[in-house]
Structure formats: structure tokens, C-alpha cells
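See below for the structure under consideration.
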Protein chains: 2
Amino acid sequence: MKRITIVGLGLIGGSVAKELDQAKVALELIGVEANPAHAQEALALGLVHKVLPLQEAVRQSDVVLLAIPVNVINKLLPELLDHLAAGAVVIDLGSTKRQLCASVKDHPKRGQYVAAHPIAGTENTGPKAAFLGLFRGKINIICEQEASSAEALATAAEIFNILGMNTTYMTPEQHDRQLAYTSHLSHVSAFMLSTTVMKKGEEEEDLFALAGSGFASAVRLAKSSPAMWAPIAEQNVEYLNQALSEYIAQLQRFQQRLQNKDIPGLFELMKEANSISPLLDKISKSHPIK
Amino acid sequence: MKRITIVGLGLIGGSVAKELDQAKVALELIGVEANPAHAQEALALGLVHKVLPLQEAVRQSDVVLLAIPVNVINKLLPELLDHLAAGAVVIDLGSTKRQLCASVKDHPKRGQYVAAHPIAGTENTGPKAAFLGLFRGKINIICEQEASSAEALATAAEIFNILGMNTTYMTPEQHDRQLAYTSHLSHVSAFMLSTTVMKKGEEEEDLFALAGSGFASAVRLAKSSPAMWAPIAEQNVEYLNQALSEYIAQLQRFQQRLQNKDIPGLFELMKEANSISPLLDKISKSHPIK
């Protein structure tokens, strides 16, 4: 790997850049960044050696990593493969997989693409949010590995190995269905909890003086980037819609018992919810909350 | 203060005990604990000097602190005041305030009671969850201070000072209305998010392998004790019900736009939710997430 291009120098792309730089795996790390302020920041932080326009960067790279919103990946991916050098590899790091895989299903260079999703992140955004260790010990998912060439998978393995991740494999369908529950729904829950409490805050003086760490934890994800998350919702409409319907139904079940002052019933719902504890303990060991 | 009794030796009562013990403010710290295993644990951990039955403890105490579920406080408080020595003070640390204040409104010893709510906690429970520093730098609320005697308020001030808290004052009504949004709703949101995802996990193999720190943060409060939280919901039915209705309406607003594939509309909702960021930054400075 002589030249690696990272498209998108935010939290994910920037953190990948730091790891690759530390591992000294490439002669040159090239950045592509649509936001000029972020491009400048990334250069000032030393995340990449230089910033180039997309096509120019792609043409000279052995590896292209896509860390941009999934709607932009969806749009760029076929064209990117068109311009990719023979033997080069493009790996996307997006949070949805079905539409992306479908968009290049019959592309003659499909084998040079690896559809990946490193499950890591924080609620912070931009080049300054990037840090070493973001990916360490966490899970990376590769979808439709049978459609990628052995060489492309080997290159991806080398990179995810540098990031310190453990890779698991699944279909794009399974990925999007499961992530709707374990990730996308949590973001919607936090976004709308934030809005509910903020609207109340408009009529209640000093409401927020009373907010403590519990509230902060529940709404933390409401800081997440709309530019990343609106496209994720778009590309996973069916499953997210289903997850959201189930969540609303559970909240209504709680509300029904609350309105009936059915306290043993509420106790029972909370006890049921408590059984998430061992899982949380396990996550907090492998994914310390930043 | 020669003798201080702490009723309930869980996370809150146990952490208060540790602070009072360190401050050497009392000759004797007495515990009252309904759960024999917790009583033993608390003694083994040295949280209190001895454990006594409630009435025996109350009769000999200058200060009685109540760190038990709010339904139990509600039941015990009038009787406790009946048995309280002249000049002694009882302070409750419960998460709801309206019903408690109402229950002793006309009690001849109302002046000896201080209705407080230290805004601090973690999702962990029991004597082992107690730790020094839980309260430091956080807000304590005292409700209906005009109904407490100057002496009782001075005793309470001394104790909350030892805990390192800043006290603010409000009506029980305002307290319960505001806490429904800044605390109780976050718990319901986490409890039901947990249940939604766990039910999906019954039909999806390996679902939880994909859960990361974002999910963990959003559902962290689902570990909270049903014995504490079902009574809080009960004593704050009206306001919690209202908060929950507003939250469900916001989720439906999101869902509507999602179903219409109104991506700019979703972007706008997320952007709106983002404005919680400065508040979260402020909370994370004063209430580091444990």
C-alpha cells in the first residue's frame, strides 16, 4: 500500500488516518474533504499528508476508504469504481449496507470493493473529534464478502487489523435489520428525547439546572451529526420504521399501566428491562463510554 | 449531631454514610435496612457502625435520613415524625416531592422535616454501589423550605455541605413537574428501549454482538432499580404521563417524516435536537458519567 486515500476527514476518517499514520503502513496518506474548513483543520492536525480533489486522489491510490455520509457513498461508489486503478481497493465504512451493495451489484469492478462497517463512534464530529484507539477491540462487519476479491479482502483485513478490530461477516440485509435496533433506534430515541425536554425548557425557567448524568447519558447521541444520520435513516427506512413502531408500542404499554396506576405492572416492565444488565456490563468493558 | 440514622443502605444511603463517616460529623452512624443481605453487606463494608430496627434507631437519633423508595417514605413519614425526639430532624432524599410534602402538611412536627432531593445517582444499586464523591458539585433541591424550622434547615445545610452539594429551592409542584422531564422520562425511555431491543434479540441470533457504546449510553438507565422507580412513576403519574405523551408525539413526528422519506425534514428534526449540545457539555463537566 503506497498511497491510501481517506474520503471524509471527520471523526471516523480522521481516526482511521491517525491509526494508519502511526502504523506507517503507507508512503502517503491523502485526504479528500468537501468542507474546506475541515480540510484545513485536518492538515493542521497532521491527519493526512495532503488534500486532493476526489478523482485525482482516487486515480493514484492503492486503497480508498470512504468515511462520508451514506447517501454520498451511494452516489459516488459506482463512479469511483469506474476510476479505480487495476488492483486498487475501495472500502466503505458506512452505517448502512443494503443500498450500497445493491448500487454496485453488477459493476465489473465489484470485486475491488469491500462493504464494511466498523462499529465505533462517539457523538462528536469533525477532524478534531478524531482520536487514536477509537476502533480498538471493537467489531467490524463486512457484508457480502463473497462479492469481494480475495486480494481486496486481504487489504481490508490488513487495515482493520491495524485499527485493532475483530471482523465478523453477514449479509447486507441482516446488517441493516440488526443495526436498526442496536444503533439507529438509539439515535432516534435520543434525538427526540432531546427535543421533548428542550421544548419543555422553553416554558420552564431553570429546567436544565436539574438535569444530571442520567439525562446526559440517555440523550448523549442527540449531539450526533444530522448530515450523517438523516441519510442513514433514509437508507434504512423499512427496518428503522419497524423498530420505531415497536419502541412506540412499548412506550404506550408503559403509559397504559402508568395511567391505570398499575404499579406492579410498571415494576414488572422495569424488571424485564433490567435483564439488559449483563449485556451492558459486557459492552462497557469493550466499549468504554467516552 | 451525636447520632445519625440512615434508613436504606443502597447507592444513595450508602454513599451518604461514606461521606458522613469521612467527615466524622457524628459519634455514631446507625443504619436501618429491610434487606438482611444488604444490612450485612453494609456492615461488612463499614458503611455504618450498627444496624437497628427503625423505631429503635429513630428514637435515639438527632438526624434521620431517608434513602428508601418514595412509596415507603410516603407510608413511614407521618409515623416517623410521631416518634421523632424533640429537636431531631428527618430529611428525605426521595425523587418525588408533592405527595411526601402533602402527607405531613398538617403534622404538628412538620417543622422538623426537610424535603430534599440530591440530584445524583448511577444505574447501580445496593450497598456495594455506594462511593465517596457521588454528590460532589451537584445540585440538591429543598422543597417547601418555609414549612421547615430554621434549625432543621441548618442541620440539612450542614449535611448537604458535607456532601459537597449546592442547594436550590422550589415548590414540590415545580420539582415534580421539572423532574418528570429531566429525569423520570429518561428512565422510561431507557427501560422501554431495552425491552424493544431485547425482544428483537429473541428472534435475531447474535444481535447483541453489534451493540456498541451508543446503544449502551442510551439504555444505561434501564439497569435502574424497579423498587425505586415504579414508586417514583406512581407518585408522579400526571407529569410523567404528560412528558411521555409529548415524547411519543415527537417520535411519531420523526416516524411520519421517515415514512414519507422526507430526508430534509429528518435532517431538520436532528438539527433541532442537536441544540442540546451546550447543555450536555455543561453536564459532563459537573456530572461525569460513571
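Each reported figure results from applying straightforward, stated rules to the coordinates on display, with no laboratory input. Keep in mind that what you see is a predicted model, and the values were worked out from it rather than measured. Positions of Cβ are generated from backbone atoms using ideal geometry, with glycine treated the same way; all protein chains shown enter the neighbour counts.
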**Message:** Among B:35-41, A:4-10, how do they line up by average Cβ neighbours within 10 Å per residue, starting with the highest?
**Reply:** A:4-10, B:35-41
**Request:** Calculate the mean, over all residues of peptide B:163-172, of how many other protein chain Cβ atoms lie within 10 angstrom of the residue's Cβ.
**Result:** 1
**Prompt:** So how compact is region A:148-290: Cα radius of gyration and Dmax in angstrom?
**Reply:** 19.3, 62
**Request:** Tell me the label-point distance for the pair B:Gln40, A:Lys282, using the 7 Å Cα-to-Cβ offset, in nm and rounded to one decimal.
**Result:** 3.0 nm
**Message:** How much length would be gained if the chain were fully extended between B:Ala154 and B:Glu202, taking 0.36 nm per residue of separation minus their Cα-Cα distance, in nm to one decimal?
**Reply:** 11.9 nm
**Message:** Once you keep just the Cα pairs under 8 angstrom separated by 6 or more residues, what percentage relative contact order results for chain A?
**Reply:** 17 percent
**Crossing angle, helix A:277-286 versus chain A [Cα axis fit, 0-90 degrees, rounded to tens]** = 30 degrees
**Request:** Partner chain Cβ atoms within 10 Å, averaged over the residues of A:241-252 - can you pull that number for me?
**Result:** 6
**Asked** Distances over 27 Å make up what percent of all Cα-Cα pairs in region B:3-170?
**Response** 14 percent
**Considering only chain B, percent of DSSP beta bridges that pair antiparallel, nearest 5** = 15 percent
**Asked** When averaged across all projection directions, what area in nm² does the alpha-carbon convex hull of chain B cover?
**Response** 16.7 nm²
**Message:** Based on the alpha carbons, how large is the Rg to Rh ratio for region A:95-226 when Rh follows Kirkwood?
**Reply:** 1.10
**Request:** Once you've got the Cα coordinates, tell me which of B:Lys223/B:Lys282; A:Lys105/A:Lys223; A:Lys24/A:Lys97 are over 27 Å apart.
**Result:** A:Lys105/A:Lys223; A:Lys24/A:Lys97
**Item:** Net charge dipole size for chain B [Lys, Arg +1 and Asp, Glu -1 on Cβ; Debye, nearest 20]
**Value:** 460 debye
**Prompt:** Taking the Cα-to-Cβ direction at B:Val237 and at A:His107 and moving 7 Å from each Cα, how far apart do the two end points lie in nm?
**Reply:** 5.9 nm
**Sorted peptide list for A:76-83, B:230-237, criterion being average Cβ within 10 angstrom, highest first** = B:230-237, A:76-83
**Request:** Determine the shape class of the protein assembly as shown: with a ≥ b ≥ c the square roots of the Cα gyration tensor eigenvalues, call it rounded for a/c under 1.5, and otherwise prolate if a/b is greater than b/c, oblate otherwise.
**Result:** prolate
**Item:** Residue among A:Thr167, A:Pro127, A:Ile141 farthest towards the positive dipole end of region A:116-169, charges placed on Cβ
**Value:** A:Pro127
**Asked** Which residues' amide hydrogens lie under 5 Å from the amide hydrogen of A:Val89, considering only partners 5 or more residues apart or on another chain, with H built in the peptide plane?
**Response** A:Val63, A:Val64
**Item:** Shielding score for B:109-119, defined as the mean number of other chain Cβ atoms within 10 Å
**Value:** 1
